[in-house]
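Accompanying notes for the structure given below.
The values are calculated or read from the model by the stated rules, or taken from the named source; none is laboratory data. This structure is a prediction, so every number in the text was calculated from the model and none was measured. Virtual Cβ from ideal backbone geometry, glycine too; neighbours counted across all protein chains shown. In case anyone asks, the SASA skips ligands and DNA or RNA and just uses the protein heavy atoms, side chains included. Shrake-Rupley method; radii C 1.70, N 1.55, O 1.52, S 1.80 Å.
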Amino acid sequence: MRGPKHHAVGIPAVAGSVRFVGAQSGLKRGLPLLRAINQVEGFDCPGCAWPEPDHRHPAEFCENGAKAVAEESTRRVVGPEFFARHSIDDLNDKSGYWLGQQGRLTRPMFLDEDADHYRPVDWDEAFDIIAEDLAAMDEPDRAAFYTSGRTGNEAAFLYQLFARRLGTNNLPDCSNMCHESSGAALGETIGIGKGSVRLEDVWAADLIIVAGQNPGTNHPRMLTALEKAKRSGARIVTVNPLPEAGMRRFKNPQTARGLAGRGTDLTDLFLQIKVGGDLALFSTLNRLLLRAGEGALDRDFIDRCTHGFEEFAAARAEGDDDQVLAETERRTGLTRVEIERLLAMVLASKKTVVCWAMGLTQHKHAVPTIREIVNLLLLRGDIGKPGAGVCPVRGHSNVQGDRTMGIWEKMPDRFLDALGAEFHFKPPRDHGLDTVDTIRAMREGRIRVFFAMGGNFVSATPDTEATEAAMRRCRLTVHVSTKLNRSHVVTGTRALILPALGRTDIDIQAGGPQFVTVEDSMGMVHASRGKVPPFGEEMRSEVAIICGLARRVLGGDDTVPWEDFAADYDRIRDRIERVVPGFDDYNARARRPGGFALPHAPRDERSFPTGTGKANFTVNEVTSPEAGPGRLLLQTLRSHDQFNTTIYGLDDRYRGVHHGRRVVLVNPADADELGLADGAYCDLVSEWDGQDRRAPHFKVVHYPTARGCAAAYYPETNVLVPLDAVAETSNTPTSKSIVVRFEGDSGM
Ligand code: SF4
């Protein structure tokens, strides 16, 4: 049986970074970029949204950050000659990995109706094509404007303004598929859908619970913060169906101990929970806390700052202790001893931080699970206390900033009022479509124009066959992209690819060199300045693309000064300052080293902008996914050589998987029961509502997953995730708990 490594990072990560940079952008171009990544005068890493410390290390990046930068600054280019060589049918047979390795897009490319090759067009013709299809719509909601989390604040603000000027709130974004459940739960309970901790709080915590998250691959610099906390005496609990190397031991290459020594053990208590068992765990933990006697609860905080404690406590007290614990053991796969050890660690802590990611947010009961975590922290008074709080860790560099800028299909009236007042128009009020609803609308032929600002929509979304078929029902699909991906191959009747500048590219406009701003996972807004000249003259910044298109579509008499915005981004920030709360003196503060923190009332002053004006305890019915006999619960996940749908390589070093991605990790005991030999090939079949979905030709890898649970990479297994399998309230695809059976290998 293969198994996870016992430690993460170390020299292999440094070597891997340099090797990757050398192969893609070359050391001459790449090394200076590594010195600028995440630095005060540098650019923000286009990877995840982990924050920077005030005092940055000269190498303030991780291996996956280096890969993201290398991929963006690659010397390889995809121009007209490439598309002349490759027809759509030919590209359709290529893997996502192959497409991504072809290089940076340099020219606007158009795929006309009935054509089988993209051809180059100039920007004016590209805007004409889009304007023609938008003008042909019988209503604005026949268009949808998707955003991936890489889009900077300035472009995001103008993008939503453009869509709303057109008359639609159809603004699906990648957050719909990741932390929408966090936003929904936190919005209801503490009044703001964002984490309440700063980096200093992680360092100062007594106890850090990391649930449903794999920082070693998805937020690697978080390991540095966890190591620092450990050095200050913190204890760490990891709750995960998989024993991940990154949470076992961290070999920090920025320290002698990490380079030459043993590194730092991180996890004190590993709870190998069954997929989707977190709600049962946290609700039982809260039940035990309520009974833990004197000092277990922060009564003063509960009385002064919360609402609904009595109802919550009564609900948690229901039932017989033994039955509740037995049921919790069944749902979690954990023992009473393990649960009581967790209780003891919580009781011993004066300051607790709970961190989480997709392992909590992509389940049917994701929102109740996160609400139960908030219940835990409210019981202990761990909101608005230094060293304590909620910490949903965002997986894309500006996904939180995009939401702050108005990228949401259901922005509150106060935002739309301010936007309308600032730009003298009536923004649409009916809520628009999120990602899953956009695919449903495409499927029903209700979307004529699909516009994507970055991302790889058809690979990031669930139910691949249904989504690709839905995308093909559009009249026009437009992708603003830096690199080639599958969404450029699965197109509407007509399609456009518009080449954009990346974070590493210098952005010069009429007003001179420009910088953009981003917001990290902890609400810090800071500047990002490109460092290298872009490869192609025809590549444009996201801001310039939106402004050029808006002027063409909305016409010369549109009151929005698009050209002024394109010339000088300070002018965009001046407007953001007047529409979005918390951005006072935006241009000055964005220029400060490290930028500025956005206000967070629960963290800053223990005031809770909820319907009750208090932090809300909630009563959550305990549920968990069930697989049934002869089936397992599959979670889709990333390999270590992957960032979202971008595949950097075919290895997953920390899990001991190499040279391939069509693998399924299965516990040996489950494999024996199911007759799945290690190394054998099989098909995965998901079952939903009487319908089967098949992912063929997966190699079985015996792996120490939690019993009853399997794991495999996306996007290869997104085909198994039914479009209608979504979380309550947040409508997020339940990609972390899919019921699958195993059948004989039908081959590729
Ligand atoms: S931790 Fe995230 S933001 Fe930081 S360098 Fe790595 S990928 Fe980039």
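Within the stretch 29-50, which residues are away from the ligand (no atom under 11 Å from the Cβ), open to solvent by less than 10 Å² (accessible area, probe 1.4 Å) and in a loop (DSSP other than H, G, I, E, B)?
Selection gives Gly42 alone.
If you check Arg575 against the conditions, is it in contact with a Cys (Cβ under 6 Å, 6 or more places away or on another chain), surrounded by 14 or more Cβ atoms within 10 Å (Cβ to Cβ) and in contact (Cβ under 8 Å) with a residue 12 or more places away in the chain?
Criteria not met by Arg575.
Quick check on the stretch 738-747. Is at least one of its residues acidic (Asp, Glu), part of a strand (DSSP E or B) and open to solvent by less than 10 Å² (accessible area, probe 1.4 Å)?
There is no residue in the stretch 738-747 that is acidic (Asp, Glu), part of a strand (DSSP E or B) and open to solvent by less than 10 Å² (accessible area, probe 1.4 Å).
If we keep just the residues of the stretch 61-78 that are open to solvent by 20 Å² or more (accessible area, probe 1.4 Å) and within 11 Å of the ligand (Cβ to nearest atom), which is farthest from Thr217 (Cα to Cα)?
Among residues in the stretch 61-78 that are open to solvent by 20 Å² or more (accessible area, probe 1.4 Å) and within 11 Å of the ligand (Cβ to nearest atom), the one farthest from Thr217 (Cα to Cα) is Phe61.
Looking at (1) within 29 Å of Arg529 (Cβ to Cβ); (2) in contact with a helix residue (DSSP H, G or I) (Cβ under 7 Å, 6 or more places away or on another chain), which one does Asp585 not meet, given that it meets all the others?
So the condition that Asp585 fails would be (2).
Kindly list, by first and then second residue, each pair from a residue in the stretch 51-66 that is farther than 11 Å from Ala36 by Cα to a residue that is near the ligand (Cβ under 8 Å from one of its atoms) and open to solvent by 30 Å² or more (accessible area, probe 1.4 Å), limited to pairs with Cβ atoms under 6 Å and residues at least 6 apart or on different chains.
So the pair list comes out as Cys62/Arg221.
Based on this model, can you work out whether Glu81 counts as surrounded by fewer than 24 Cβ atoms within 10 Å (Cβ to Cβ), near the ligand (Cβ under 10 Å from one of its atoms) and at pLDDT 95 or above?
So Glu81 fails the test.
Please verify whether the stretch 476-486 includes one or more residues that are part of a strand (DSSP E or B), in contact (Cβ under 8 Å) with a residue 24 or more places away in the chain and among the basic types (Lys, Arg).
The answer is yes; a qualifying residue exists.
Applying the selection to the stretch 688-722, what residues are closer than 16 Å to Glu626 by Cα, part of a strand (DSSP E or B) and of a type in the set (Gly, Ala, Ser)?
Result: Ala710, Ala711.
In the stretch 211-244, how many residues are closer than 20 Å to Gly3 by Cβ, within 16 Å of the ligand (Cβ to nearest atom) and not polar (S, T, N, Q)?
4
Can you find, within the stretch 140-173, the residue that is farthest from Arg571 (Cα to Cα) among those that are open to solvent by 20 Å² or more (accessible area, probe 1.4 Å) and of a type outside the set (D, E, K, R)?
Among them, the one singled out is Pro140.
Would you pick out the residues in the stretch 96-114 that are in contact (Cβ under 8 Å) with a residue 12 or more places away in the chain and surrounded by fewer than 17 Cβ atoms within 10 Å (Cβ to Cβ)?
Tyr97, Asp112, Glu113, listed by residue number.
Condition check: out of contact with any strand residue (DSSP E or B) (no Cβ under 9 Å at 6 or more places or on another chain), modelled with pLDDT of 95 or more and on the phi > 0 side of the Ramachandran plot. Does His424 satisfy that?
Criteria met by His424.
Select, from Ala204, Ala256, the only residue that is open to solvent by 10 Å² or more (accessible area, probe 1.4 Å) and at pLDDT below 95.
It is Ala256.
Is it the case, given these coordinates, that Val685 is closer than 30 Å to Gln24 by Cα, part of a strand (DSSP E or B) and open to solvent by less than 20 Å² (accessible area, probe 1.4 Å)?
no
Check Pro53 against each of (1) within 14 Å of the ligand (Cβ to nearest atom); (2) closer than 25 Å to Leu650 by Cβ; (3) open to solvent by 20 Å² or more (accessible area, probe 1.4 Å) and name the one condition it does not meet.
The number of the failed condition is (2).
If only one of Gly187, Gly191 is more than 16 Å from the ligand (Cβ to nearest atom), part of a helix (DSSP H, G or I), at pLDDT 95 or above and surrounded by fewer than 22 Cβ atoms within 10 Å (Cβ to Cβ), which one is it?
Gly187
Name the residues in the stretch 194-229 that are part of a helix (DSSP H, G or I) and in contact with a Ser or Thr (Cβ under 6 Å, 6 or more places away or on another chain), would you?
Glu227
Could you tell me whether any residue of the stretch 9-21 is free of Cβ contacts under 8 Å to residues at least 12 places away in the same chain, away from the ligand (no atom under 16 Å from the Cβ) and over 24 Å from Cys174 (Cβ atoms)?
yes
What number of residues in the stretch 665-678 are open to solvent by less than 30 Å² (accessible area, probe 1.4 Å) and part of a loop (DSSP other than H, G, I, E, B)?
Going through the stretch 665-678 one residue at a time, the tally reaches 2.
Kindly indicate whether Phe110 is of a type in the set (A, V, I, L, M, F, W, C) and more than 16 Å from the ligand (Cβ to nearest atom).
yes
Quick check on my filter: what residues within the stretch 439-459 are touching a Phe, Trp or Tyr at 6+ places or on another chain (Cβ under 8 Å) and hydrophobic (A, V, I, L, M, F, W, C)?
Selection gives Met442, Phe450, Phe451, Ala452, Met453, Phe457.
Does Glu294 fit the bill of being outside any helix (DSSP H, G or I), in the same structural domain as Arg380 (by TED's automatic domain parsing) and either over 17 Å from Ile209 (Cα atoms) or of a type in the set (Gly, Ala, Ser) (or both)?
So Glu294 passes the test.
Could you please let me know if Arg104 is within 19 Å of Asn456 (Cα to Cα) and within 16 Å of the ligand (Cβ to nearest atom)?
Spelling it out, it is not the case that Arg104 is within 19 Å of Asn456 (Cα to Cα) and within 16 Å of the ligand (Cβ to nearest atom).
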